[in-house]
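The values are calculated or read from the model by the stated rules, or taken from the named source; none is laboratory data. Here the structure is a predicted model, which is why all the values come from computation and not from measurement. Neighbour counts run over all protein chains shown; Cβ positions are idealised from the backbone, glycine included.
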C-alpha cells in the first residue's frame, strides 16, 4: 500500500484507535487517557499537515474497499475535504484540552472521551468520503457517536434533548439514504467528481433528479439545521460545553453544511444544478434560515440557547454561498465554513467558562462579568464582533465575499438579507457585551466553583483554548490575503471547481 | 467423514447422543469440540464451493433417484457456515450461562445437538420428503428446548409452539403428498423441469399448502402468535438459537422452493408474502416499542425483522433482492443472538428483565451495553453493519423495479427499530437509582454477546465475499 493510500487511513486511525483504547481504560487512569487524547490529536495534526502539503502540490490521496458488488467505501483527500479536515483537526485539539479541564472530576470520563474520539473519526470520514455512500456511512456514525455525548449528564433534560436530536437526525438519515439509493440506481454510482455526475443523465431524468436533490438536501439539511429542520439544535444545548463546541463548530452542523457543498458541486455540478433551477430555492431556504435564526436568537435569555440560534443563522451562510452561482459566492461560503467554526467555538468555550467558573447561564446574569473574567470576556467580545462582521475579524472577510458573490450572481436581495442579519447579530450580541463590560457586577456570583487567583480568572485549560481561537478570528481576518489563510485555500478550491475540463 | 457434507450432519448427532448418555447437564465439552469441528468443516465446504461450484455426496454410494443425495450450493454453504459459527458462540455462552442446578440445563446439550443436526441436514437435503423429515427434527428439538426450562409459562409457550410447528409441517407434508401423487417423485432436481404454469390445479394447491406451512413455521404475520411467548420465555441461549437460526430454516426452504421447482408458479403470489411482511414489520416493531420487558421486546423485534425477509419476493427478478434476503438472514441471526445473549447477562446481573430496570445495571456492564448497541445498529440498518447492506440492497432492488412502497417500508421499519433499540440504550445514560444490586456475571457471557454483535457489524465490510459465495448455484 503506497503512502497515498495509507495517509487517509492514518488520519482516521489517529482518532479511532485512541478512542477504542480509551473505552477499555479504567476510569481512574487519567494520565494515560489524557496522554492518548493529546497524542492522537497531535498525530492527526501532523498527518493533516502532510496531506495539506501534498494536495497543494497536486498529489492525489485515496483508498477504496468494496463492501458489495458495485458498492465501494471510497476515501479521497482533496482540497475541499482538507478544508474541513484541517478545521476539525485543529479545533479537536483545543476542544480536547478544554474538555480535559471542563470535566475534571466528573464521572464517566472514559466513556465521554471514547465517544468524543469516535465523533472526530466520523467527521474525518465525512470530509474524506469519495462518494455519497461513504459520506452516508460516516454521517450516520456521527449521529450515533454524538448521542452519548449529548445525553452525557443523564438528567431528564439531557435525555429529552438527546431523544429529540436522535429523532431529527435518524429521520434525516433515512431521507438522505432514500435519495442516495435513488441516485445510485439512476447513475450506477455516487462518486464525487468535479463538475458532478448527474449531468451525464439525459434531460428526461430532470424531474427525478429534482426530487433526489430535495431528498439529499433535506437529509443533510437536518444536521446543517436549515429551517424548518433546525429544532434539535437549540434543545441539544443541554449538553456539556465541549460537546456544544463539537456540535456547533467541529463536527455536526459542519457535516451537514459540508454535505450541501459536496452535493451541489460534486454530485450535481454547480452549472447543472443551476440549469435545473435548484440553486434559487436553496438560496431562499438559506436566507429564511439566516433571518429566522437571528430573530429567534434575539429573544433567548439562556446564553447557550442564544448561541444555538445564532448557529442556525450563521451556518446557513455556507449554504447561501454555495447557492450563489459563481466562484466568488463559493469562496465566501467555503471560507465561512472555517470562520464560523473558529468564531462559534470561541463563543461556546466562553459560555462554558462563565457556567463552570461562576454558575452563569443566562444573559441577564452576565452583568459586570467583564471585570471578574476579563480575558474570557475579551475572547467572547472578539468572536461576537466577528459574528457581526466587524472589520479586522474573520467574519468581515466572509461577509465581504458573500456580498460580492451576490452582486456577481445578480441576486441583490441577498445583500439585503446579509445586512439584516448583521443588524440582528448586533442586536443580540451587543447587549451582552454592554452588560458584561459596563454594568456593575452583583454582590455575589450565583455559584462560584473556581475562585480567582491573582490574574488567573479560571483554570488554565479553560482559559487558553478560547484565547487561542479568538486570536485566530483576528488573524484570519487581518491576514486573509496571506498564502496560508483559509481564504487562500477556499480560492484554490473554487479555482478547481469552476475551471475544470468537463 | 472426509466429506464435510456428511460430517456436518453426523457430528452433531454424535455429540448429542454422547451428551444424552453422559446424563443430565453433562457433555458441554463434547458439544464444544464437536461444534468447533463443524465450524471448521463448514469453512472448508464454503471454500470448496466458492472455488469449484457445488458439492455433492451420494449417501451409501446409491445416488438419486434411488438413494439420498446430499448437495450444497453457495446458499447452503453460506447458511451452514452461519449456523456452525453462530452455534459455536451460543454454545460457549450456554456453558457459562447454565448454573449447576438450572433445570433448563438438563437436556440442553442433547437437544441442541439434534437441532443442529436437523438444521445442517435441512441445508443439504435435496428432496421434498427428506426436507420434511429435517423440518420435523428441527421443530421437535426446538419445542423441547423451550419446554426444558420446565416453568409453567414455558410449558404453555412450548405447547403453543408445538401446535404451530406441527400444523406447519403437517401442511407442508400434505403438499408434498399431493406433488408425489401428481408426478410420482419428490426429488427437487427431477421436479424442476416438470412444473410449468400449465401444471394441474393440484400442483398449485400443493405449492400453496407447502408455502403456507413454511410461512407458519417462519412466524410471518399473522402466524407469529406462537413466537413471542416461545422466544421470549425460553432461557437466553435457547432464545438465541431459536430466533437466530430456527425460523430462518423454514424461510430458507421457502426461498429454495420458490426459486427452484416452483419458480414458474411463484410470480402469481409474490405480493402476498410482501404485504404480510410489511404488516409484520409495523406490528412487530410497534409491539417491541411498547414492550415492558427486555426479552419480549427482542422477540417482537424478531417478528418485525422476519418481515424484511418476505419483502424480497416481488423483487426476485433483480439479483440484489436475493442478496438482500441472505444478507438479512445473516445480519439478523448474528444481531439477534447477540441481543438475547446480552439480555441473559442483564437477567443474571439484576434478577429481572424490565427495560426500565436496566438503568442501574447498564452503566456497570459496558461490554454488554456495547453489544446491544452494535446489534441494535444492525437491526436498525445503520451503517456500516450487515443490516445496512441488506437494507441498501432491498431499497435498490425496489427502486430498480419501480416498487418504491417497499423502499418506504424498509426505511420506516429501520426508524421504528431505532426507536426500540434506543429505548433500551438510553437507560444506560439515565441517572442510576442508587443502590440497585448488580450481581457479578461471568466474563464469558459478556464477551460472547459482544463477539456476536461485533460480527453482525463487521460483516458489513465483507459483503462482497458473501455475495460471491451465494452466487454459486446448482
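Side notes on the structure shown:
- Only one of B:99, B:112, B:94 that is outside any helix (DSSP H, G or I) and closer than 20 Å to residue B:20 by Cα: B:99
- Of everything in the stretch A:163-194 that is within 20 Å of the chain's Cα centre (by Cα) and at the interface with chain B (Cβ under 7 Å from one of its Cβ atoms), the residue that is surrounded by the fewest Cβ atoms within 10 Å (Cβ to Cβ) is A:170.
- Among residues of the stretch B:459-474 being more than 10 Å from every other protein chain (Cβ to nearest Cβ) and part of a loop (DSSP other than H, G, I, E, B), the one that is surrounded by the fewest Cβ atoms within 10 Å (Cβ to Cβ) is B:473.
- Residues of the stretch B:4-47 that are assigned to a helix (DSSP H, G or I), touching a helix residue (DSSP H, G or I) at 6+ places or on another chain (Cβ under 8 Å) and over 22 Å from residue B:125 (Cβ atoms): B:18, B:19, B:20, B:22, B:28, B:30, B:31, B:32, B:33, B:36.
- Residue check, residue A:463 touching a strand residue (DSSP E or B) at 6+ places or on another chain (Cβ under 9 Å) and part of a helix (DSSP H, G or I): yes
- Candidate set: the stretch A:126-141, residues that are within 11 Å of chain B (Cβ to nearest Cβ) and surrounded by 24 or more Cβ atoms within 10 Å (Cβ to Cβ); chosen: the one nearest to residue A:255 (Cα to Cα): A:139
- Here is the figure for the stretch B:373-389: residues that are more than 15 Å from residue A:133 (Cβ to Cβ), more than 9 Å from chain A (Cβ to nearest Cβ) and in contact (Cβ under 8 Å) with a residue 60 or more places away in the chain total 6.
- Filtered by the rule that a residue be part of a helix (DSSP H, G or I) and either surrounded by fewer than 24 Cβ atoms within 10 Å (Cβ to Cβ) or within 14 Å of chain B (Cβ to nearest Cβ) (or both), the stretch A:70-81 gives a lone residue, A:79.
- Tally of residues being more than 19 Å from residue B:377 (Cα to Cα) and in a helix (DSSP H, G or I) across the stretch B:335-357: 7
- Candidates are the residues of the stretch B:412-434 that are in contact with a helix residue (DSSP H, G or I) (Cβ under 6 Å, 6 or more places away or on another chain) and surrounded by fewer than 19 Cβ atoms within 10 Å (Cβ to Cβ); the one that is nearest to the other protein chains (Cβ to nearest Cβ) is B:415.
- Some residue of the stretch B:435-449 being out of contact with any strand residue (DSSP E or B) (no Cβ under 6 Å at 6 or more places or on another chain) and at the interface with chain A (Cβ under 9 Å from one of its Cβ atoms): no
- Search result, residues across the stretch B:348-369 that are under 24 Å from the mean Cα position of the chain (by Cα) and within 8 Å of another protein chain (Cβ to nearest Cβ): none
Here is a yes/no grid of residues against (1) closer than 27 Å to residue B:446 by Cβ; (2) modelled with pLDDT of 90 or more; (3) over 20 Å from the mean Cα position of the chain (by Cα):
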residue	(1), (2), (3)
B:132	no, yes, no
B:146	yes, yes, no
B:153	yes, no, yes
B:161	no, yes, no
B:182	no, yes, yes
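Condition check ((1) within 22 Å of residue A:249 (Cα to Cα); (2) over 24 Å from the mean Cα position of the chain (by Cα)) across all residues:
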position: A:392; (1), (2): yes, no
position: A:404; (1), (2): no, no
position: A:409; (1), (2): no, yes
position: A:440; (1), (2): no, yes
position: A:451; (1), (2): no, yes
position: A:454; (1), (2): no, yes
position: A:477; (1), (2): yes, no
position: A:485; (1), (2): yes, no
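- Here residue B:318 fits the description: modelled with pLDDT under 95, surrounded by fewer than 21 Cβ atoms within 10 Å (Cβ to Cβ), within 13 Å of another protein chain (Cβ to nearest Cβ) and closer than 20 Å to residue A:70 by Cα.
- Selected residue (only one of B:382, B:394 is assigned to a helix (DSSP H, G or I), within 19 Å of residue A:68 (Cα to Cα) and in contact with a helix residue (DSSP H, G or I) (Cβ under 8 Å, 6 or more places away or on another chain)): B:394
- Only one entry in B:289, B:312, B:298 is surrounded by fewer than 24 Cβ atoms within 10 Å (Cβ to Cβ) and modelled with pLDDT of 95 or more, namely B:289.
- Test set (1) in contact (Cβ under 8 Å) with a residue 12 or more places away in the chain; (2) farther than 18 Å from residue A:126 by Cβ - residue A:299 fails condition number: (1)
- Test for residue A:112: is it under 17 Å from the mean Cα position of the chain (by Cα), within 14 Å of chain B (Cβ to nearest Cβ) and more than 17 Å from residue A:12 (Cβ to Cβ): no
- Selected residue (criterion: nearest to residue B:456 (Cα to Cα)) from residues of the stretch B:393-406 that are at the interface with chain A (Cβ under 8 Å from one of its Cβ atoms) and in contact (Cβ under 8 Å) with a residue 60 or more places away in the chain: B:393
- Residue, farthest from residue B:127 (Cα to Cα), within the stretch B:195-207, restricted to residues that are touching a residue at least 24 places away in the same chain (Cβ under 8 Å) and surrounded by fewer than 18 Cβ atoms within 10 Å (Cβ to Cβ): B:197
- Boolean, residue A:31 is farther than 30 Å from residue B:456 by Cα and either part of a helix (DSSP H, G or I) or modelled with pLDDT under 95 (or both): yes
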